[in-house]
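Engineer: Here's a structure for you.
The values are calculated or read from the model by the stated rules, or taken from the named source; none is laboratory data. All figures in this text were calculated on a predicted structure; none of them were measured in a lab. So basically every Cβ, Gly included, is an ideal-geometry build from the backbone, and we count neighbours across all protein chains shown. Quick note on the areas: whole protein, heavy atoms, side chains included, nothing else; ligands and nucleic acids left out. Shrake-Rupley method; radii C 1.70, N 1.55, O 1.52, S 1.80 Å.
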Amino acid sequence: MTADVRALDGRIIIIGAGVAGLMTALHLAPRPVLLVSKGHVGAEGSTLWAQGGLAASIGVDDGADLHAADTLAAGDGLCDPDVVRRFTREAPRAIETLALLGVDFDCEAGGGLALGLEAAHSRRRIVHAGGDATGREIMRALVAAARRTRSIEILEGVEARRLLVADNRVRGIVAVGAGGPAILAADRIVIATGGVGGLYEFSTNPRGSFGQGLALAAHAGAEMADLEFVQFHPTALDGPARPAPLVSEAVRGEGAILIDETGERFMAGVAGAELAPRDVVARAIWRRLGEGHRVYLDAREALGERFAARFPVIAELCFQAGIDPAREPIPVRPAAHYHMGGVAVDAEGRSSIAGLWVCGEAARTGLHGANRLASNSLSEAAVFARLVATSVAAAPAARLESSRAVPIPPAPEPSAARSILTNSAGVLRDAHGLRAAIAALAPLASSHGASGDPAAVALMIAVAALRRQESRCAHFRTDHPAKAGEPMRSRLTLDEAFAVAQQIAPRALTKRA
Ligand SMILES: Cc1cc2nc3c(=O)[nH]c(=O)nc-3n(C[C@H](O)[C@H](O)[C@H](O)COP(=O)(O)OP(=O)(O)OC[C@H]3O[C@@H](n4cnc5c(N)ncnc54)[C@H](O)[C@@H]3O)c2cc1C
C-alpha cells in the first residue's frame with residue numbers, strides 16, 4: 001500500500017464495512033468515499049451474524065410513540081429522549097431504504113412485511129430476512145450495492161491503526177495493508193468499526209470485534225460515554241465454538257422456556273418470565289450456573305418440528321453441536337453481545353473531534369441508555385447512517401495537510417486484555433475486581449505493544465464500571481446492588497482513565513508516551 005493510495009487522498013474515509021459503514025457510504029453517493037475494511041468486505045463484523053432482525057413500528061397496531069416508550073423503558077433513565085423519538089420516527093423509512101437497496105425481507109402470505117416479537121417490545125415489530133438469517137441478507141444486498149456504486153472505493157485487508165489529529169481536527173489515518181503502511185490524508189472520517197464483544201472470552205461477537213474504533217478515537221482525545229454498559233445476551237449456545245453461537249431472543253418470543261437440568265422453569269415467577277429484559281434473564285441464568293446447575297432453552301413444546309423451518313441458522317448451529325432442538329433442550333449461558341456505550345456523538349453522529357463522525361455499534365448516540373432494546377441496533381445503524389451522511393456531506397471541507405512520518409502501531413492482539421476484562425467486568429462486577437483489572441490493564445494500555453489498543457479500551461470500560469456505584473440494567477455491581485435515585489450520565493476520555501489508574505496503582509503505571 002504505497003504510491004497508488006496517494007491518489008485517494010482527500011476522499012471521505014469510512015473505517016469499517018458492516019451495516020453502518022456500508023450504508024453511510026451508499027447514502028454519501030455520488031460523493032467519493034474510501035471504505036476501509038480490515039477483512040474481506042462481507043466476511044467480517046457482527047452484522048453478518050445478526051439473527052433476530054430490525055425493530056420498526058410498521059404494524060397497524062403500532063406507532064413511533066409505542067416503540068419510543070419501549071426503548072425508553074429498556075434504557076432505564078439513560079436514553080436521550082429526543083434521540084429515541086427521532087430514531088423511532090425514522091426507523092420505518094430506514095427499512096424501506098434497505099428494501100430499495102435489495103434486502104429481501106420476509107413477507108406474510110398477503111404481501112406485507114412479516115413482523116416478529118422480541119423481549120420487552122409491546123408489539124410485533126421485528127422485520128427479518130431468511131427467517132433468522134437477517135444479517136447475512138443485509139450484508140449480501142449492501143455489499144452488492146456498494147460494489148456497483150462507482151463513488152465507493154473499497155480498500156480490503158487494510159486496517160486503520162491511528163487517526164492523525166491536529167488542533168482537535170482529523171487530518172487522516174495511518175493504515176496498514178498487505179503492501180505495508182500508508183498515511184491517507186482526509187478531513188472527514190467516519191468510524192464504523194462495530195462493538196467490543198471480542199474483548200470477552202465468551203461472546204457472540206466475532207473475535208475481531210474488540211473495539212478498535214474506540215481505541216482510534218480515544219487516542220485522538222475523543223470523549224466516550226456509557227462504556228460500562230455491555231449487554232450480555234442470556235442465551236448463547238454453551239459449548240467450545242467461538243464466537244459463541246447465539247440462540248436468538250426470537251426463540252423465546254415463539255414460546256421456548258428456560259429450564260435447569262432438573263426441568264425446573266426457574267423464570268416462571270419473574271415478571272415477564274423468559275421475555276423479561278435481557279439483563280434480568282442473563283443474571284438469573286448466571287446465578288443458576290453459579291449454583292452449579294446447567295441451564296437449557298427448551299423449544300420442544302413451543303416449536304418442536306417447526307424449529308428448523310422458523311430458525312434455520314440456529315437449528316444448523318445446534319446440529320453442529322450435536323443437538324436436535326426439536327427433540328432436546330439447548331444448553332445456554334450468557335455471552336457478551338452488544339455495547340451500549342461507545343464514542344460519544346451528537347444527534348448527527350459527530351464526535352468531540354472536528355471532522356470525526358461515528359456510526360453503528362461503535363457510537364454512543366443516546367438511543368440505548370443502560371440497555372438496548374432487542375433489534376434496535378441494526379435499525380440504529382441504518383437510521384444514523386443517513387443522518388451521518390447528511391452531516392458529513394454538509395460539513396465544509398478543511399485544508400488537507402501533507403503527511404509526515406509517524407510511528408506505526410503494531411497489529412493489535414486482544415488476548416491479554418480479554419482475560420482481564422472477562423474476569424472483572426462481566427455480568428456481575430465489584431470494586432475489588434475492577435480495581436485489580438485497572439491495575440493490570442494500565443501498564444498494558446500505556447505500552448506500545450500489540451496489547452496496547454485492546455487494553456486501552458478494556459481499561460476505559462473497567463474505569464467506567466468502577467465509577468458507576470450503582471446497579472442499573474446491564475451494569476450490575478454486587479457491592480452496590482441498588483439503583484441510584486438520579487440517573488447519572490457517564491463520560492470518559494482515555495486520559496481520565498489513566499488518571500484513575502494512576503491513583504489506584506501508581507507504581508504499575510510508568511510514564512505514558
Ligand atoms: C450474533 C449476533 C446477533 C445479533 N442479532 C441482532 C439482531 O437480530 N438485531 C439487531 O438489531 N442487532 C443484532 N446484533 C447486533 C448488530 O448485529 C450489531 O450491532 C451491528 O451489526 C453492528 O454493525 P456495525 O456496522 O456497527 O459493525 P460491524 O458489523 O461489526 O462491522 C464492523 C466493521 O469494521 C471493520 N473494522 C473494525 N476495525 C477496523 C479497523 N481498525 N480498520 C478497518 N476496518 C475495521 C470490521 O472488519 C467490520 O467490517 C447481533 C450481533 C451479534 C454478534
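Engineer: For the chain, what is the calculated [θ] at 222 nm in deg cm²/dmol (nearest 500), taking -39500 (n - 2.57) for each run of four or more DSSP H residues and dividing by its residue count? Please report the intermediate quantities before stating the final value.
Structural biologist: Details: 14 runs with 167 residues, N = 513.
Helix contribution divided over all residues of the chain: -10000 deg cm²/dmol.
Engineer: Still on this structure, please answer the following. What accessible area per residue comes out for the stretch 1-134, rounded to a whole number of Å², with a 1.4 Å probe? Display every interim value, and only then the final one.
Structural biologist: On the way: 5170 Å² over 134 residues.
Here the per-residue accessible area is 39 Å².
Engineer: Another question, then. Which value, in Å to one decimal place, does the Kirkwood hydrodynamic radius take for the stretch 1-142 when every pair of different Cα atoms is included? Please list the in-between numbers first.
Structural biologist: On the way: mean 1/r = 0.0594 Å⁻¹.
When all Cα pairs of the stretch 1-142 are included, the Kirkwood radius is 16.8 Å.
Engineer: Would you please give the FRET efficiency between L400 and R491, computed as 1/(1 + (r/R0)^6) with r the Cβ-Cβ distance and R0 = 30 Å, to the nearest 0.05?
Structural biologist: On the way: r = 31 Å, r/R0 = 1.02.
So, using R0 = 30 Å, E works out to roughly 0.45.
Engineer: In terms of modelled amide H atoms, which long-range or inter-chain residues lie less than 5 Å from the amide H of R162?
Structural biologist: Distant-sequence amide H within range of R162: V174.
Engineer: Ratio of alpha-carbon Rg to the 2.2 N^0.38 Å globular estimate for the stretch 126-174, to two decimals, please. Intermediate results must be reported in sequence, preceding the final value.
Structural biologist: Values: Rg = 16.7 Å, N = 49, 2.2 N^0.38 = 9.7 Å.
With N residues counted in the stretch 126-174, Rg over 2.2 N^0.38 Å equals 1.73.
Engineer: Express the Stokes-Einstein translational diffusion coefficient of the stretch 380-501 in µm² s⁻¹, to the nearest whole number, given a Kirkwood radius over alpha-carbon pairs, 37 °C and a viscosity of 0.692 mPa s.
Structural biologist: Working: Rh = 16.9 Å.
D, rounded to a whole number, is 194 µm²/s.
Engineer: If you project the alpha carbons of the chain onto the principal axes, what extent comes out on each, in Å, largest first?
Structural biologist: 65, 58, 43
Engineer: Additional query: For a test of the definition: using alpha carbon positions, the gyration tensor, and the 1.5 limit on a/c, classify the stretch 66-160 as rounded, prolate or oblate. If you can, show how the numbers build up before the last one.
Structural biologist: Working: a/c = 2.25, a/b = 1.38, b/c = 1.63.
Verdict is oblate for the stretch 66-160.
Engineer: Scan around L113 for amide H atoms under 5 Å from its own, H built in the peptide plane at 1.01 Å from N, and keep only partners 5 or more places away or cross-chain.
Structural biologist: Amide H to amide H, under 5 Å and 5 or more residues apart or across chains, L113 pairs with E108.
Engineer: For the chain, what % of the accessible area comes from carbon and sulfur atoms, probe 1.4 Å? Walk me through the numbers before you get to the answer.
Structural biologist: Working: 9910 of 18860 Å².
Percent of accessible area from carbon and sulfur atoms in the chain: 53.
Engineer: Still on this structure, please answer the following. List every residue whose amide H lies under 5 Å from the amide H of E118, counting only residues 5 or more places away in sequence or on a different chain, with H placed 1.01 Å from N in the peptide plane.
Structural biologist: R125
Engineer: Next up: Based on DSSP, what percent of beta bridges with both residues in the chain are antiparallel, to the nearest 5? Display every interim value, and only then the final one.
Structural biologist: Working: 38 of 58 bridges.
About 65 percent, rounded to the nearest 5.
Engineer: How big is the stretch 161-306 along each principal axis, measuring the range of its Cα positions in Å and listing the largest first?
Structural biologist: 60, 32, 29 Å, listed from the longest principal axis down.
Engineer: Skip the ligands, DNA and RNA, and give the accessible area per residue of the stretch 329-460 with a 1.4 Å probe, whole Å².
Structural biologist: Accessible area per residue, the stretch 329-460: 30 Å².
Engineer: Ordering L26, L100 by how much accessible area each has at a 1.4 Å probe, largest first, what is the list?
Structural biologist: On the way: L26 30, L100 150 Å².
The ranking, largest first, comes out as L100, L26.
Engineer: Can you give me the Cα centroid spacing of the stretch 436-466 and the stretch 168-237 in angstrom?
Structural biologist: 15
Engineer: Counting DSSP beta bridges in the stretch 22-169, what percent are antiparallel, to the nearest 5? Could you put the intermediate results ahead of the total?
Structural biologist: Working: 6 of 11 bridges.
Around 55 percent antiparallel, to the nearest 5.
Engineer: So for H128, H40, what's the accessible-area order with a 1.4 Å probe, most first? Kindly include the intermediate steps, with their values, before the conclusion.
Structural biologist: On the way: H128 20, H40 115 Å².
Reading off the accessible areas and sorting them downward yields H40, H128.
Engineer: Give, as ranges by residue number, the residues of the stretch 301-336 whose backbone N falls under 13 Å from the point 7 Å along Cα→Cβ of A114.
Structural biologist: Within reach of a label on A114, which here means backbone N under 13 Å from a point 7 Å along Cα→Cβ, the stretch 301-336 contributes 306-313.
Engineer: Still on this structure: Using the per-residue mean of other Cβ atoms lying within 10 Å as a proxy for protection, in what order, highest first, do the peptides 73-81, 498-506 fall? Write out the running numbers ahead of the final one.
Structural biologist: On the way: 73-81: 20.3, 498-506: 16.1.
In decreasing order of mean packing, 73-81, 498-506 become 73-81, 498-506.
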